[in-house]
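S.K.: Can you read through this structure? Questions will come right after.
What follows draws every value from the coordinates through simple rules; no lab data is involved. What you see is a predicted model; the values in this text were computed from it and never measured. Here Cβ is always computed from backbone atoms with ideal geometry, including for glycine, and neighbour counts include all displayed protein chains.
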Amino acid sequence: MRRLWVTTLPTLMLLVVLEGLKRAGALPVFIPGPGQVLAAAWARPQLLWDNLLPTAGTATEGFVIAAVVTLAAAGIGTAVRRVWGAVYGLGVVLHAIPVIATAPLLALWLGTGAGMHVVIVALAAQFPLLVGAMQGLAAADARQIEMLHCLSASRWQMFRYLQLPSALPFLFAGFKVATPLAVLGAVTAEWAGADRGIGAVMLNALFSYDIVTVWLAVLTCCAFAGLAYAAWSLIERSALRWNRTVELPT
Amino acid sequence: MSSRELVIDRVSLVFHGRGDPVIALDSASLALPGGGFGAIIGPSGCGKSTLLRLVADILRPDAGSIRLGGQTQRQARQEHAIGFVFQQPTLLPWRSVLQNVELPLAIVGRRSGRGGALSPAELIELVGLKGFENALPGELSGGMQQRAAIARALVLRPDILLLDEPFGALDEITRQRMNLELLRIWAESGTTALLVTHSIAEAVFMADRVFVMSPRPGRVAQTVEVALPRPRTLEMMRSPELFASANEVRDGLFGRTGHPSAVNAESW
């Protein structure tokens, strides 16, 4: 509980300060007070739900696909050392392509449907997932490998008993960095063409100078990515109990 | 229980690193009867650990042969006849003590018949870790972790137990106690044991046969038979037989003149 406080306090303080500044008239007209945004959310909860769900769905789907593909690619890169660099190189190049530019092009190619959205999310989220999986699968302790070799462990057993558990802290780090990127990717994809979704709400509101709704969409993205991040942290804490134990003196 | 005779016959190994090739072992030979306790002693860098890794089939020799009960080291490893205790405990930190000790059984498969006379729980009791079955390695002291590693090495009832300075990181007092326990466990299990150490007292106290190695290139320079009876007790540390054997080992390491040639070669 204390931890939760410490984590969320700076954000809450920022919101309070913004509200104070707004009421004092110190903020320009295009920055609404958090209170106004909250009131807008309260007034139209249906708008929020109807549009958050498709965005969340796209982000999750693309994230899962990116996680599976990068883990497989990292597995290949680890098993066949010669392609290690090639896998990394491909990941870097894909990551370097600005999603904001590829989104409209992919929309022309794949149409503006769910398929295009998922592809863009996967592209936006893949790199931290790839780095986590590559570093993680290579992180197994050399002595532990020898220990399992002495036991004549098969390659699969080596993966299952040593490499995968050793990779978990790295994988979780990748998950946590990639989560907000997946949400951002989903919003960007919706800008390139969508009738529903937080990105679509954002774009429509921008064009109609509906400042409060723009900010409502922005804060909804933040809240969703933040909650997903918190969920990862909780799963990590219970899955990696061993990683926090301290060694006692002899 | 079964044990295997170990015969290392003129084994050589050259490491090809970045610089000039290093001759790690040059025609090293030793023989240890089944059920015996051997110790390899020598200065750092003489190839003690390398020799042990060759027996465990972690490294392959360039020349020479190794036989464990008539089989090659690869066959012996694949039959899970070799138990290895490393310098570090090398426990999997995400598995509890019990799960770590059970790991070899999980890898071999419980139907293989390689399961020991002693269950993992009984082995944990044997090494004095009863009550810590569910602790994670990170919650244990170094000595306790190494005991768990010994239990793990014994769970498949190995015919030969290889120990690479298992208590090197422990203080003298804990180390002495662990050595006594190791002797008790070895006597109960009936396995052949080969211990790498750089303590003369430890080598003579533990072993029936001490192999003295000289460095650069690494080879077995001398074999010293220790005439102490079993079971060994701490009182024997003061016996004339132990002193005689220790002196013989010391002569093998430094030469009878007391000129520390081996040590000099190392420190230069």
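S.K.: Just the residues that are surrounded by 21 or more Cβ atoms within 10 Å (Cβ to Cβ) and part of a helix (DSSP H, G or I), please, taken from region A:189-213.
M.R.: Matches in region A:189-213: A:A189, A:E190, A:I198, A:G199, A:V201, A:M202, A:T213.
S.K.: Go through (1) over 14 Å from the mean Cα position of the chain (by Cα); (2) surrounded by fewer than 24 Cβ atoms within 10 Å (Cβ to Cβ); (3) within 14 Å of chain A (Cβ to nearest Cβ) for B:V155 and report which single condition fails.
M.R.: (2)
S.K.: Identify, from the list B:M206, B:M178, the residue that is within 23 Å of B:L234 (Cα to Cα) and within 12 Å of chain A (Cβ to nearest Cβ).
M.R.: Result: B:M178 is the single residue among B:M206, B:M178 that is within 23 Å of B:L234 (Cα to Cα) and within 12 Å of chain A (Cβ to nearest Cβ).
S.K.: Another question about this same structure. Among (1) within 14 Å of chain B (Cβ to nearest Cβ); (2) of a type outside the set (D, E); (3) at positive phi, there is one condition A:P169 misses while meeting the rest; what is its number?
M.R.: (3)
S.K.: Let me ask something else. Hey, B:P166 hits all of (1) surrounded by 18 or more Cβ atoms within 10 Å (Cβ to Cβ); (2) touching a Gly at 6+ places or on another chain (Cβ under 9 Å); (3) not in a helix (DSSP H, G or I) but one; which does it fall short on?
M.R.: The number of the failed condition is (2).
S.K.: Additional query: Of the numbered conditions (1) out of contact with any Asp or Glu (no Cβ under 9 Å at 6 or more places or on another chain); (2) more than 12 Å from chain A (Cβ to nearest Cβ), B:H80 satisfies every one except a single condition; which is it?
M.R.: (2)
S.K.: Do we have any residue at all in region A:141-148 that's under 19 Å from B:E102 (Cβ atoms) and touching a strand residue (DSSP E or B) at 6+ places or on another chain (Cβ under 9 Å)?
M.R.: Scanning region A:141-148, I find at least one residue that is under 19 Å from B:E102 (Cβ atoms) and touching a strand residue (DSSP E or B) at 6+ places or on another chain (Cβ under 9 Å), so the answer is yes.
S.K.: Among the listed residues A:G174, A:G185, identify the single one that is touching a His at 6+ places or on another chain (Cβ under 9 Å), part of a helix (DSSP H, G or I), buried (at least 21 other Cβ atoms within 10 Å of the Cβ) and more than 14 Å from chain B (Cβ to nearest Cβ).
M.R.: On inspection, the qualifying residue turns out to be A:G185.
S.K.: Sticking with this one: On the basis of being under 16 Å from the mean Cα position of the chain (by Cα), of a type in the set (A, V, I, L, M, F, W, C) and either more than 13 Å from B:I8 (Cα to Cα) or away from every other protein chain (no Cβ under 14 Å) (or both), does B:A31 make the cut?
M.R.: yes
S.K.: May I pose another question? Working carefully through the options A:T112, A:T58, find the one that is in contact (Cβ under 8 Å) with a residue 40 or more places away in the chain and in a helix (DSSP H, G or I).
M.R.: Just a single option satisfies the conditions, and that option is A:T58.
S.K.: Could you tell me whether region B:159-168 includes any residue that is within 14 Å of chain A (Cβ to nearest Cβ), under 15 Å from the mean Cα position of the chain (by Cα) and aromatic (F, W, Y)?
M.R.: Looking for residues that are within 14 Å of chain A (Cβ to nearest Cβ), under 15 Å from the mean Cα position of the chain (by Cα) and aromatic (F, W, Y), one finds at least one in region B:159-168, hence yes.
S.K.: Of all residues in region B:134-152, which are within 11 Å of chain A (Cβ to nearest Cβ) and in contact (Cβ under 8 Å) with a residue 60 or more places away in the chain?
M.R.: B:Q146, B:A149, B:R152
S.K.: Exactly one condition in (1) free of Cβ contacts under 8 Å to residues at least 60 places away in the same chain; (2) assigned to a helix (DSSP H, G or I) is not met by A:L27; state its number.
M.R.: Going through the list (1) free of Cβ contacts under 8 Å to residues at least 60 places away in the same chain; (2) assigned to a helix (DSSP H, G or I), A:L27 breaks only (2).
S.K.: Do we find that B:D26 is without any contact (Cβ under 8 Å) to a residue 40 or more places away in the chain and farther than 22 Å from B:L195 by Cβ in this structure?
M.R.: no
S.K.: Can you say whether B:L161 is touching a helix residue (DSSP H, G or I) at 6+ places or on another chain (Cβ under 7 Å), buried (at least 20 other Cβ atoms within 10 Å of the Cβ) and part of a loop (DSSP other than H, G, I, E, B), as far as the supplied structure shows?
M.R.: Criteria not met by B:L161.
S.K.: Given the options B:R67, B:R175, B:R152, name the one that is touching a helix residue (DSSP H, G or I) at 6+ places or on another chain (Cβ under 9 Å), closer than 25 Å to A:W156 by Cβ and among the basic types (K, R).
M.R.: Criteria check complete, one pass: B:R152.
S.K.: If you don't mind, another one. Can you work out which of the residues in region A:134-144 that are free of Cβ contacts under 8 Å to residues at least 60 places away in the same chain and either crowded, with 17+ Cβ neighbours inside 10 Å or touching a Gly at 6+ places or on another chain (Cβ under 6 Å) (or both) is nearest to the other protein chains (Cβ to nearest Cβ)?
M.R.: A:Q144
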